[in-house]
1. Out of the residues in region 141-173 that are among the hydrophobic types (A, V, I, L, M, F, W, C) and away from ligand 1 (no atom under 15 Å from the Cβ), which is surrounded by the fewest Cβ atoms within 10 Å (Cβ to Cβ)?
2. Just checking, does region 301-308 include any residue being within 23 Å of the chain's Cα centre (by Cα), under 23 Å from residue 43 (Cβ atoms), away from ligand 1 (no atom under 16 Å from the Cβ) and part of a strand (DSSP E or B)?
3. Can you tell me which of 420, 403, 425 is at positive phi and either hydrophobic (A, V, I, L, M, F, W, C) or at pLDDT 95 or above (or both)?
4. Any residue in region 45-53 that is modelled with pLDDT of 95 or more, of a type in the set (Gly, Ala, Ser), assigned to a helix (DSSP H, G or I) and open to solvent by less than 20 Å² (accessible area, probe 1.4 Å)?
5. Pick from region 306-331 the residues that are among the acidic types (Asp, Glu) and within 30 Å of residue 79 (Cβ to Cβ): which of them is farthest from ligand 2 (Cβ to nearest atom)?
6. Out of 442, 452, 420, which single residue is of a type in the set (Gly, Ala, Ser) and touching a residue at least 60 places away in the same chain (Cβ under 8 Å)?
7. From the list 266, 276, 257, which one is away from ligand 2 (no atom under 16 Å from the Cβ) and in contact with a helix residue (DSSP H, G or I) (Cβ under 6 Å, 6 or more places away or on another chain)?
Amino acid sequence: MIKTKIASLLLVGAMLLASCQPAKNETKQENQKPNVVVIYLDDLGYGDLSSYGATELQTPNIDALANGGVKFTNGYASSATCTPSRYALLTGVYPWKNKSARILPGTAPLIIDTAQVTLPKMLRTQGYQTALVGKWHLGLGTGHVNWNEAVSPGPNELGFDYAYYMAATQDRVPTVYLENGMVEGLDPNDPIEIDYKNNFEGQTSGKDNPELCEMMWHHGHNSTIVNGVPRIGFMKGGEAAKWSDIDMADHFLAKAQDYVKTHKDQPFFLYYAMQQPHVPRTPHPRFEGKSGMGPRGDVILEADWCIGEFMKTLEEEGILENTLIVFSSDNGPVLNDGYFDDAVEKLGNHTPAGPLRGGKYSLFEAGTRVPFITYWKGTIQSGVSDALVCQMDLLASLAKLTGTEEASTDSEELLDVLLGKSADGRESLVIEATTRTALRKGNWLMIPPYNGARKNKQVNIELGNDKVFQLYNLKEDIGQQNNLAESNPEKLAEMLESFKAIRGESYSKTQKLELK
Ligand code: NG6
Ligand code: CA
């Protein structure tokens, strides 16, 4: 009797002791709100990852997220190009509601109103620290940016406490990094001047000096040559501040890792906007030739490696189980986007769009349906979800996660869907491709008539335009081969009604969206 009492006392004592022992890697984050990291690639297609069916490329680190989290098969960017998709991701608002939300030059003013709700602003109200590392491309300043002074407004005025970024794209000037509005490493005696129309006197260009190009332009991209790569737009000065293209991936990775290490004691939101596989594709020499597919494949492997390293950092810092990761891409794939870089020639059997039709710039599925993964070790159970979700829904869903009162936007609260607990996604979604829009509802996709070219011949992508209505049943016809508009007029009429209800009568009138 006494013996058992002593034994049980000992046991209780041992248990108490064990519960007082801090677990290995335990940090102060135990009872905190989860960190949120959005890893956003640029132009990565639905079929570009081995976890999404690619057989010619292996992306083990992203696959680990897909296989250990929720892999969405109906996950969408709002748009088939970068700026509008990023606009929707950060504001929760349909980009076609903002006429400026289209591919921007490097000199464009900021297109998000500083009074608007944004993802980082919303999270900040919940005590989050917020950061951007990577590509911005939502405009800066109010119209006349002086790159030699603090550039504002920009990401810092939209809720990012810390922002380290390239202004627009890797193929657009200025080819420098900014940190909280200041160009990094700028020599005041060598000021930066930018002009998107005219070259500076006496300066070479891709157009006039093809012999100076180490990567040759195919269309566009024939202005100022930086690091042997001709860009869009002219730039003068700022020599010491210019980035190294081959080091860009490592550079952004190091910034993202540093941020995590120095901010792990309070919840943080990190928007890690990677530059791959957008043009110019400039893999670090470690990855050169590794895919056998030329630079486009190589930079996908490079991005995958970076994500693996980033995940290791979360683990080493002991915060992996308190961090929600959302992985996606801003729009679908393109091979030749303006440079001769073997993307077409060395493609082999790889299908960047997977089974989907179209690509970047297209209203067909490959324009906007992208890899979309949520991962949260220990919280999200792995699985595949066919629920319809859009990046725009992060705002309302993360508001729910963090207990914020929801602002009224186009963002739908789908937290349980994102966490893999519900299959009840969106009922419908308007997708966009360079201001043209279409409606996804249930398994159906309706594209209203558009008179534009059917194909962009330069990039060799079908844009989705047709003079007649298009209606596809995506469940039975994921490759959009059978237009059912004529054979299923009831469904078409129903889709048109829903489309008008979202887009508004005035839009539909100007587009003459009437059935014959
Ligand atoms: C296009 C560029 C393309 C790419 C795109 C933006 C030309 C001919 N083409 O105008 O190369 O930069 O803009 O891509 O200049 S996005 O992913 O940022 O939307
Ligand atoms: Ca893009």
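The values are calculated or read from the model by the stated rules, or taken from the named source; none is laboratory data. In this text the structure is predicted, and so the values were computed from the model without any measurement. For neighbour counting, all protein chains shown are included, and Cβ atoms are generated from backbone atoms with ideal geometry for every residue, glycine included. The protein model used for the area step is the full one, side chains on, heavy atoms only, and it has no ligands, DNA or RNA in it. Shrake-Rupley method; radii C 1.70, N 1.55, O 1.52, S 1.80 Å.
1. Within region 141-173, the match that is surrounded by the fewest Cβ atoms within 10 Å (Cβ to Cβ) is 150.
2. Within region 301-308, the first condition is being within 23 Å of the chain's Cα centre (by Cα), and the residues that meet it are 301-308.
Still in the list and also under 23 Å from residue 43 (Cβ atoms): 301-308.
Those left that are additionally away from ligand 1 (no atom under 16 Å from the Cβ): 301-302, 304-308.
The next check asks that each one be part of a strand (DSSP E or B); those that pass are none.
No.
3. Working: 403 fails: either hydrophobic (A, V, I, L, M, F, W, C) or at pLDDT 95 or above (or both); 425 fails: at positive phi.
Criteria check complete, one pass: 420.
4. Start the filter on region 45-53 by keeping residues that are modelled with pLDDT of 95 or more, which leaves 45-53.
Now narrow it down to the ones that are of a type in the set (Gly, Ala, Ser): 45, 47, 50-51, 53.
Keeping just the survivors that are assigned to a helix (DSSP H, G or I) gives 50-51.
Going one step further and asking which of them are open to solvent by less than 20 Å² (accessible area, probe 1.4 Å), we end up with 51.
Yes: region 45-53 contains one or more residues that are modelled with pLDDT of 95 or more, of a type in the set (Gly, Ala, Ser), assigned to a helix (DSSP H, G or I) and open to solvent by less than 20 Å² (accessible area, probe 1.4 Å).
5. Taking region 306-331 first, the residues among the acidic types (Asp, Glu) are 309, 315-317, 321, 330.
Now restrict to residues that are within 30 Å of residue 79 (Cβ to Cβ): 309, 330.
Values: 309: 23, 330: 4 Å.
Applying the filter and picking the extreme gives 309.
6. On the way: 442 fails: touching a residue at least 60 places away in the same chain (Cβ under 8 Å); 452 fails: touching a residue at least 60 places away in the same chain (Cβ under 8 Å).
From the options 442, 452, 420, the qualifying one is 420.
7. Working: 266 fails: in contact with a helix residue (DSSP H, G or I) (Cβ under 6 Å, 6 or more places away or on another chain); 276 fails: away from ligand 2 (no atom under 16 Å from the Cβ).
The unique qualifying residue is 257.
Here is a yes/no grid of residues against (1) open to solvent by 30 Å² or more (accessible area, probe 1.4 Å); (2) part of a loop (DSSP other than H, G, I, E, B); (3) within 25 Å of residue 68 (Cα to Cα); (4) within 16 Å of ligand 1 (Cβ to nearest atom):
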| residue | (1), (2), (3), (4) |
| --- | --- |
| 333 | no, yes, yes, yes |
| 351 | yes, yes, yes, no |
| 356 | no, yes, yes, no |
| 361 | yes, yes, no, yes |
| 366 | no, no, yes, yes |
| 377 | yes, yes, yes, no |
| 393 | no, no, yes, no |
| 400 | yes, no, yes, no |
| 424 | yes, yes, yes, no |
